[in-house]
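Reviewing the structure listed below.
The values are calculated or read from the model by the stated rules, or taken from the named source; none is laboratory data. Nothing here was measured: the structure is a model prediction, and the numbers come from that model. For neighbour counting, all protein chains shown are included, and Cβ atoms are generated from backbone atoms with ideal geometry for every residue, glycine included.
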Amino acid sequence: MAEWNKNNLAHTNTFLALRILAQTKRKFSAAGNLAVKQLEFFVAGETPQMRAARAKSLASQMHNLFVMVFASRLEQGATNAGAVKTMADVLADGEKTVHELADAADEKYDFSEQIE
Amino acid sequence: MMRRCATAAACLFVWLQPAPGHAQEEAAPVEVPAIPGEVIAEGAPVTVPCTVVEGEKADLVSVTNFLLLRGLDCVESFRKSTEETFAVVRSTLESPETQSRLLNRFLEGDHGWQFLKDVNFRVKAFESETLGEAALGFSYDYSKSVQSHDLSCSRDACIRGLDLQLMANGNVAADADRNPSNFLETQLSFAWFQSTGGVSAPTAEHRKQFQGLRREFIEAEGDSDEEERAVRNIEALVRPLLSDQIYWEIAGDAAFESDQQFESRQWAYGVHAMFEIKAWNDASALAKFNLLDYPFAALRALSGYEICAGGGSSCFKPRGTAWPSVLAGLDRVSGAENTPRELAGVSSDYDRLRLEASFRTPVARYGDDELFISVNYRYYEELDAPPSVQVLDLDSFEFFTVVLGGEDGIYVSYSDGRLPFDLADDQVFALGYQFHR
């Protein structure tokens, strides 16, 4: 797992998406170790079905930010639904970290800066 | 090079670290007194007297480190010098939190059991108001997409797909009678999901501005005001572009439900629909008129949680992201064995309605930390239940959990009600402390 680093755009974009969506108020340095269950959307005690659906919902909104605002592209062969599912699997697991979420996103998105 | 420690506990920890290049076996041991602020020469051969904690209240971290790092050679004198401390260590090692951490550490190792990490095993103590004494056990929670497929959607900000998902969760107590939520669920779910909205089309100029601000953020010194200012500027640029997001899914489910001994068990086949709406933009009507969030918005205003336009900190700002998510399902329940319903003499298959609602919202700020309230409610009802089932009050079950806590630190949770297979309502109150890596 790559070190939590601002120069890694997968890490930076994931952090910024979570801040924009008010999932955390932490600074970047402290956000990597943040557990998914500490994010604002996570509800204790819900059924796996509900959690999985809510995770997909948040992952969809992160996808919107990545693609529409951050101008990131999907990696070759990746699909919208596949990218959302990859992030949703991490978001449905309360013990996973924001760092792991960013690394999962990195598998599906090309975060390199696009010049328009 | 010197190493400095500020407190006795910190000194103890420093002394326990073998100096680089100086294995402790090779060095002549020299006793070091426990003096806060003591400066120790790097590389000097030092050892810790076994009685270092004698006569003082050692904290749990230092005592645990002492035992884990130095082995058991000092335990005998340690016990003689302070039996009370030893009891504290034992209770610490036996605590569910410690065991969960040890288990997680084991699961992080490079061996064939790593897949268990995704299952989220957690050692827990179950404490119930009605059942008295606590019982040790564990919980597990697994959710993984087996296969997904993208479906085309012509609108902007639209994601549509198919998803086959495997899920399992439950609580297992050493003494099943003391398990307040003795209900295990394993299910396969095939969903058609769709998310629309959430971001209104940004212009090329917006994207360019974002990239500029992101560069400022990356180039700012870590944890500096400049870095935080860059993040706030990005939030100010992007949040007005957010819009209402609607997420829904329809799914077919097959589930196996049982108690932890697998004595009571049944199959459930059915469909569910889940709906969620998020008004990500504070200016949305859905945000302004989220009446459910009004009490919490008032608490936030009182605690100075919100930063208002103009810099004030006591504005009333309901959240559009705090609308409850709702799930409704209809199942055919069959193959029941030893369920309370069957023990009441009714063994026929039946139809069951289930409802669930969840939400979480911040309620206050204390210092730099936030306090949240989260609520989950579940309801199960047998449709057209026979009178014998109704008389025994086995036709409906409801269960809710409310948790008040921050990202870290103290939390309070309360659960009330019963789940299928439970004969009576149970109230579980928990006051705990959570911390993370």
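Of everything listed in (1) touching a strand residue (DSSP E or B) at 6+ places or on another chain (Cβ under 8 Å); (2) modelled with pLDDT of 95 or more, the single unmet condition for residue A:106 is (1). Quick check, is residue B:347 hydroxyl-bearing (Ser, Thr, Tyr) and either under 30 Å from residue B:248 (Cβ atoms) or part of a helix (DSSP H, G or I) (or both)? No; evaluated as a whole, the condition is false for this residue.
Among the residues of region A:48-60, count how many are facing chain B (nearest Cβ under 7 Å) and in contact with a Leu (Cβ under 6 Å, 6 or more places away or on another chain). Within region A:48-60, residues that are facing chain B (nearest Cβ under 7 Å) and in contact with a Leu (Cβ under 6 Å, 6 or more places away or on another chain) number 1. Scanning region B:254-277 for residues that are more than 11 Å from chain A (Cβ to nearest Cβ), in a strand (DSSP E or B) and aromatic (Phe, Trp, Tyr) turns up B:256, B:267, B:269. Any residue that is within 14 Å of chain A (Cβ to nearest Cβ) and either over 29 Å from residue B:323 (Cβ atoms) or surrounded by 13 or more Cβ atoms within 10 Å (Cβ to Cβ) (or both) - is there at least one of those in region B:386-397? Yes: one or more hits. Checked across region B:322-338, the condition of being touching a residue at least 24 places away in the same chain (Cβ under 8 Å) and out of contact with any strand residue (DSSP E or B) (no Cβ under 8 Å at 6 or more places or on another chain) holds for no residue. Within region B:171-198, the set of residues being more than 10 Å from chain A (Cβ to nearest Cβ) and under 18 Å from residue A:51 (Cα atoms) comprises B:171, B:183, B:184, B:188, B:190, B:192.
Filter region A:35-47 for residues that are more than 7 Å from every other protein chain (Cβ to nearest Cβ) and aliphatic (A, V, I, L, M) and give the result. Result: A:36, A:39. With respect to residue B:381, is the statement that it is surrounded by fewer than 20 Cβ atoms within 10 Å (Cβ to Cβ), assigned to a strand (DSSP E or B) and at pLDDT 90 or above true? Here the answer is yes, as residue B:381 does meet what is asked.
So which of A:96, A:6 ends up being at the interface with chain B (Cβ under 10 Å from one of its Cβ atoms) and surrounded by fewer than 18 Cβ atoms within 10 Å (Cβ to Cβ)?
On the way: A:96 fails: surrounded by fewer than 18 Cβ atoms within 10 Å (Cβ to Cβ).
Just a single option satisfies the conditions, and that option is A:6.
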